[in-house]
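Structure record follows, encoded as structure tokens.
The values are calculated or read from the model by the stated rules, or taken from the named source; none is laboratory data. Owing to the predicted nature of the structure, the values given are computational and were not obtained by experimental measurement. Virtual Cβ from ideal backbone geometry, glycine too; neighbours counted across all protein chains shown.
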Amino acid sequence: MLLLERSPLEYLLHQIRLAQAKREEPASILRAMLGEIRAVSGYSGKEAWNMAVELIADHLGIIDEPWKYSLPDLPNSPYFRGDRSALKGKRSVPEKVAKHVRDTGLVEMFVEAARAKPDDYLGAIFMEEGFHGRNIGQVLTPRSVVECINAMVMLEFEKSPEMVWVDRQTLQWAADYLEAYGYFPFWLRKAIEEASETVEAFSKPKTVLDPCVGTGRFLLYATLRYPHAPLILFGVEIDQSLYRACLVNMALFSRHPYSIVCADSLRIDEKYAGPSSPLWDYGNLWNPPDLSRFYVKPPPATATTFNLAEWVKMKRP
């Protein structure tokens, strides 16, 4: 039933439930938002969840200003020559639905409550509602497991600093990102000073890559647990819905520079996997571009090598 078709009593009860939801935890506010979307749009399930993600992203400025949470000089990058507006994402939520949800104040309420008590609420609802594809192995890792693995990884970093690799270009990328928001930590200032004085040896931040980032849980809990650590975060996600949810989570909670791309991590050419690769210049865009140019190209079928994809393309007599 559409909201406008409700009786006065139904409307009053709706307002009471709405007021109660606003006093609840972030997850309850998010559920109330989903309820409003369902009532007005008629959509349910994952479609309503996608709309909620988009409305939060719109409130945070991710859709129209992707550079707001990424490399500050992104619009001037050689990979994005031309009109600055070309970077802006396209919306899919009908304006009637968007206006109604905004008028309830739930979006602002959720953002404020979530930042006060950070967690992957989008991912939690995604799993609770059964929106994940079990047939393709789409299961988000529980928080306890994520935090355990993060602690183990950070311990390995401390034991083996040679595992860390960051070049000067990536270091400057991090500096530009953090300086744009008035946050310039000591570890980064020290690394830049040392990099300008020596050829090879300087304090190198730690790069963290999640090749199947999902809603960003591993990166999210890493930045929350180590807010002052010298980290630069990278993520790859093939599912566009989860990719967008990850962008929202990172914009909400990240204390570190990050780049998230929508791509198939199993097909990315290893020479494009490093932190200074142009691949990451395409990160954090609401409408992600086709990144297949960075994929490994299969070898042609020859007398000594065989590739099924290339063989199928061969002309037959």
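A single entry from ILE136, ILE125 fulfils the requirement of being modelled with pLDDT under 90 and not small (Gly, Ala, Ser): ILE136. Within segment 266-284, residues that are within 15 Å of LEU171 (Cα to Cα) sit with their Cβ atoms under 6 Å from residues that are modelled with pLDDT of 85 or more and surrounded by 20 or more Cβ atoms within 10 Å (Cβ to Cβ), at 6+ positions apart or across chains, in these pairs: TRP280/SER259.
Set side by side, the residues LEU233, LEU224 differ, and just one is part of a strand (DSSP E or B), within 18 Å of THR141 (Cβ to Cβ), of a type outside the set (Ser, Thr, Tyr) and at pLDDT below 95, which is LEU233.
Condition first: surrounded by fewer than 22 Cβ atoms within 10 Å (Cβ to Cβ) and under 24 Å from MET51 (Cα atoms). Can you find one or more residues in segment 220-234 that meet it? No, that holds for no residue. Pairs linking a residue in segment 107-121 that is free of Cβ contacts under 8 Å to residues at least 60 places away in the same chain and more than 22 Å from SER144 (Cα to Cα) to a residue that is of a type outside the set (S, T, N, Q) and surrounded by fewer than 19 Cβ atoms within 10 Å (Cβ to Cβ), with Cβ atoms under 8 Å and 6 or more positions apart or on different chains, are GLU108/HIS59.
Pairs linking a residue in segment 38-64 that is free of Cβ contacts under 8 Å to residues at least 24 places away in the same chain and more than 12 Å from ALA245 (Cβ to Cβ) to a residue that is β-branched (Val, Ile, Thr) and surrounded by 19 or more Cβ atoms within 10 Å (Cβ to Cβ), with Cβ atoms under 9 Å and 6 or more positions apart or on different chains, are TYR43/ILE37; TYR43/VAL97; SER44/ILE37; GLU47/ILE37; ALA48/ILE37.
Under 8 Å between Cβ atoms, at least 6 apart or on separate chains: pull out the pairs that start in segment 292-306 with a residue that is more than 24 Å from ALA273 (Cβ to Cβ) and at pLDDT below 70 and end on any residue that is of a type in the set (Phe, Trp, Tyr) and part of a helix (DSSP H, G or I). Partner pairs satisfying both residue conditions: ALA301/TRP311.
Per-residue answers, yes or no, for (1) more than 26 Å from ARG255 (Cβ to Cβ); (2) at pLDDT below 90:
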site: GLU95; (1), (2): yes, no
site: LYS99; (1), (2): yes, no
site: THR104; (1), (2): yes, yes
site: THR141; (1), (2): no, yes
site: SER144; (1), (2): no, yes
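Considering only segment 233-248, state which residues are over 15 Å from ASN150 (Cβ atoms) and either free of Cβ contacts under 8 Å to residues at least 40 places away in the same chain or in contact with a helix residue (DSSP H, G or I) (Cβ under 6 Å, 6 or more places away or on another chain) (or both). Listed by number, the residues that qualify are VAL236, GLU237, ILE238, SER241, ARG244, ALA245, CYS246, VAL248.
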